[in-house]
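Below you'll find the structure, written out as structure tokens, and then a few comments.
The values are calculated or read from the model by the stated rules, or taken from the named source; none is laboratory data. Because the structure is a prediction, the values reported are computed rather than measured. For neighbour counting, all protein chains shown are included, and Cβ atoms are generated from backbone atoms with ideal geometry for every residue, glycine included.
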Amino acid sequence: MDNPANTWFGLGATARAVLSDPAGSPLGERALGVAEVVVPSLDDAADARPLVVALARVGVTATTSGADWARYGWLDVDSNLPDFRIVLGGPEENDAARELIERAGEEYASVLKTHGAVWVPALTPLAEVWQPGADLRDLRALPALVVADAAALVADLADARIGAVCPSEVVDQLADHTVALLSFGLPGFAVDTTGALHLSLMRSCTGWPSGVWIDPPRRTLPDGASFQLQHWTHEFSYALVGGPGDWRSQTLPAQGQEFNHPLYARIAPPQDGPLPATLSWLRIEPQREVLLGALKPAGNPIAHGSAAAVGRELAVRLVESTGLGRTAELGGALGLSHLRPADLLERPLGEAVERVDLAGSQIATLLAAPGVAAEPGGPVLGPVAEPAQPVHARYWLHNRGPAPLGYLPVSVGASPGLLRTDGEAVELSVALSSQLRDAAVEGTAVVLPPEGWRTSLGSRPYRLEPGGHLRFPVTLTPPAEALPGLHFAAVRIVHDGQEIEDVVTIAVGDLPGLLPVPGDTPEDWTIAQGTKATTGRDTGLDVAVSEEALRVTPGGRTTLGLTLTNRTRGEIRGELQLVSPWGTWEAIADPVRGFTVAAGSSSTVDFEIAAPESTDPGAYWALAKVMWFGRCQYAPTVALEVEA
């Protein structure tokens, strides 16, 4: 079956059964991957939980079924297949154990009685039964471990090995070697019954909804294909690794992380004397067996609706990657101290510890105090405000994706979003709201009417209690000579260094009433599929690109020009994003920016594209996304070719 491949996948043993005959002579080992745990009745399923957890810790997926109910291993209804069974309870209490022992023979009953467990081999090798349309519900279709004491089996699993006695020859013996592919999170993999490893390089959906363009004009790749068909240059990187032992011996989780996060070389500044003995800010022991999942400032006050600042503590997330359990210690130049266990919300759970005992496959969060402090006036980690200001309060209307920086804990809304008038005054309802739960917030809401219009309220000071909101009306009166067309009224606040505004569109006269601009032809007033993103009659903003195709050499530069033409009666403010496929992002240093276009005028924005020297030749594309006042448009797609 096809499965997601995160950073690696391989062929080897997840866990193993170490088999011997009744006299104690070794018979070999059998790899364990996916288990069916058969309990006497589904009423007993809860009793199997410690065993299922123990299997999961060492990497074995398990599904619990009952001897008296539907069984696992039929591809007509199941999404995957088990490769062995564990039958809990002897023949006296589990009907599945009774049937299995009866069919296997008296010698298996004798071993079970003497040793408390017995390994019953399958009648047919696994490769012959793992086939399309497989039905493995028959008890002899898979090898099975019948065990009377589940607690003893849980204890035996601590080293990812199960010791078992088998009175006959064992098929499907383990070759104790592992082969794996390291990848960059490719979409899927499969290992077939011959041992061949298959890797899916691309996967896409060409149907609904991702393959459908809802708002005209439809945008496509330069060759006319849907974006989902991925008709451009792709680079796939993966590495083949292998060696004796299982995935733990090869430290494959660490190898996958290292392949996905290569070291970046930097030129060290000149200094007196030799370089320090270690340049590591953080070391985790045992290396490559306990991995770093996250290192970040502790806490996220905004997620709790808090106005508190992020503290000085750091959150360290550790991942036990062997399934066997390890004791972790932290070192390095950060000088982390006062380690305290924390929950997933990074709230402390207990007293400080010197080292951390991790169970198999455990993910643990710690709070720690760094022993070094940031230098005064040092760099701020990451931006603190959006590059495009003001921020539109209803950002989701821009098909923007994530919320703006800061998550807008204090926001403003004006409604209705669209008004029509033949010259009469119109009224807006303005709402201010705070998501902060532990602090009041104060500020001033500023009303920005269309040019020449009168407003009943130019500004409104406000104070919002924790979790509070308020609403107030605003009346806008047009001048007697108000011209037909689209006008815009905004209400704006400032919070935490960002301007946040909501905008209402006011249509005066018959629609569309939009402005022609010099150089227009009748064709400009129809919906075009060529170099215009939309027409004036559609949204009020035309978007045109300077070129249909751009070419650049490695180390060279070129420019994509975007001309914005405002056919409305008001100034348009918005945000531009230049979208391009992975592999070109380094070439576009400044893909996000704000823009302003005065009424009835045009403005050109240039995006510089500078291909690094290391860029491989290939065919790509770029698409400008234009967002303004709750609207979203896309410019025509431009072909971007990197020439040799």
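Numerical summary
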quantity	calculated
Residue ID - modelled with the lowest pLDDT, chosen from residues in segment 584-630 that are part of a loop (DSSP other than H, G, I, E, B) and of a type in the set (A, V, I, L, M, F, W, C)	ALA589
Residue list for segment 1-32, filter: closer than 16 Å to HIS115 by Cα and in contact with a Gly (Cβ under 7 Å, 6 or more places away or on another chain)	VAL18, LEU19
Top-ranked residue of segment 339-349 - restricted to ones that are more than 24 Å from the chain's Cα centre (by Cα) and surrounded by 13 or more Cβ atoms within 10 Å (Cβ to Cβ), ranked as farthest from LEU292 (Cα to Cα)	PRO348
Segment 429-465, residues that are among the aromatic types (Phe, Trp, Tyr) and either modelled with pLDDT under 95 or not in a loop (DSSP other than H, G, I, E, B) (or both)	TYR462
Which numbered condition LEU623 fails, given (1) within 27 Å of the chain's Cα centre (by Cα); (2) closer than 30 Å to PHE236 by Cα; (3) surrounded by fewer than 19 Cβ atoms within 10 Å (Cβ to Cβ); (4) of a type outside the set (S, T, N, Q)	(3)
Residues of segment 10-55 satisfying the condition of being within 18 Å of VAL171 (Cβ to Cβ) and β-branched (Val, Ile, Thr)	VAL18, VAL34
Residues satisfying the stated conditions in segment 219-262, i.e. of a type in the set (A, V, I, L, M) and touching a residue at least 12 places away in the same chain (Cβ under 8 Å)	LEU221, LEU229, ALA239, LEU240, VAL241, LEU252, ALA254
Segments classed as strands (runs of 3 or more DSSP E), wholly inside segment 124-220, with at least 3 members that are hydrophobic (A, V, I, L, M, F, W, C)	144-147, 161-165, 177-183, 188-191
Residue list for segment 280-316, restricted to those being among the aliphatic types (A, V, I, L, M), part of a loop (DSSP other than H, G, I, E, B) and either surrounded by 14 or more Cβ atoms within 10 Å (Cβ to Cβ) or outside the structural domain of LEU330 (by TED's automatic domain parsing) (or both)	LEU282, ALA298, ALA307
Filter result (of a type in the set (Ser, Thr, Tyr) and within 18 Å of GLU93 (Cβ to Cβ)) within segment 47-76	THR64, SER65
Which listed residue is within 30 Å of ALA158 (Cα to Cα), assigned by TED's automatic domain parsing to the domain that holds THR322, surrounded by fewer than 17 Cβ atoms within 10 Å (Cβ to Cβ) and in contact with a Leu (Cβ under 7 Å, 6 or more places away or on another chain), from ALA352, ALA359	ALA352
Qualifying residue in segment 405-428 (condition: assigned to a strand (DSSP E or B), modelled with pLDDT of 95 or more and surrounded by fewer than 13 Cβ atoms within 10 Å (Cβ to Cβ))	yes
Verdict on ALA225 being within 21 Å of TYR634 (Cα to Cα) and surrounded by fewer than 16 Cβ atoms within 10 Å (Cβ to Cβ)	yes
Yes/no for ASP176 being touching a strand residue (DSSP E or B) at 6+ places or on another chain (Cβ under 7 Å), of a type in the set (D, E, K, R), crowded, with 17+ Cβ neighbours inside 10 Å and closer than 30 Å to GLY116 by Cα	no
Residue among LEU181, LEU199 that is buried (at least 16 other Cβ atoms within 10 Å of the Cβ) and out of contact with any Lys or Arg (no Cβ under 8 Å at 6 or more places or on another chain)	LEU181
Qualifying residue in segment 51-64 (condition: on the phi > 0 side of the Ramachandran plot and assigned to a strand (DSSP E or B))	no
Some residue of segment 33-43 being hydrophobic (A, V, I, L, M, F, W, C), in a helix (DSSP H, G or I) and surrounded by fewer than 19 Cβ atoms within 10 Å (Cβ to Cβ)	yes
Options PHE236, PHE259; residue that is surrounded by fewer than 14 Cβ atoms within 10 Å (Cβ to Cβ) and aromatic (Phe, Trp, Tyr)	PHE236
Only listed residue being surrounded by 15 or more Cβ atoms within 10 Å (Cβ to Cβ) and touching a residue at least 24 places away in the same chain (Cβ under 8 Å), chosen from ALA141, ALA158	ALA141
Of the criteria (1) outside any helix (DSSP H, G or I); (2) under 19 Å from ALA48 (Cα atoms), which one ARG98 fails	(1)
Pairs where the first residue, in segment 400-418, is more than 15 Å from VAL474 (Cα to Cα) and the second is surrounded by 13 or more Cβ atoms within 10 Å (Cβ to Cβ) and among the acidic types (Asp, Glu), C-beta under 6 Å, 6+ apart	PRO404/GLU386; LEU405/GLU386; GLY406/ASP496
Single residue of segment 387-399 satisfying the filter (farther than 23 Å from ALA307 by Cα and crowded, with 16+ Cβ neighbours inside 10 Å) that is nearest to the chain's Cα centre (by Cα)	HIS398
Filter result (β-branched (Val, Ile, Thr) and outside any strand (DSSP E or B)) within segment 13-32	THR14
Every pair of residues 6+ apart whose Cβ atoms lie under 9 Å, when the first sits in segment 171-197 and is closer than 20 Å to ALA141 by Cα while the second is modelled with pLDDT of 85 or more and among the hydroxyl-bearing types (Ser, Thr, Tyr)	VAL171/THR124
Restricting segment 95-115 to residues that are of a type in the set (A, V, I, L, M) and either farther than 17 Å from VAL38 by Cβ or in contact with a Cys (Cβ under 7 Å, 6 or more places away or on another chain) (or both), the residue that is surrounded by the fewest Cβ atoms within 10 Å (Cβ to Cβ)	ALA109
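Here is a yes/no grid of residues against (1) farther than 24 Å from TYR395 by Cβ; (2) out of contact with any Lys or Arg (no Cβ under 8 Å at 6 or more places or on another chain):
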position	(1), (2)
ARG551	yes, yes
GLU571	no, yes
GLU575	no, no
THR596	no, no
ALA610	yes, no
LEU623	no, no
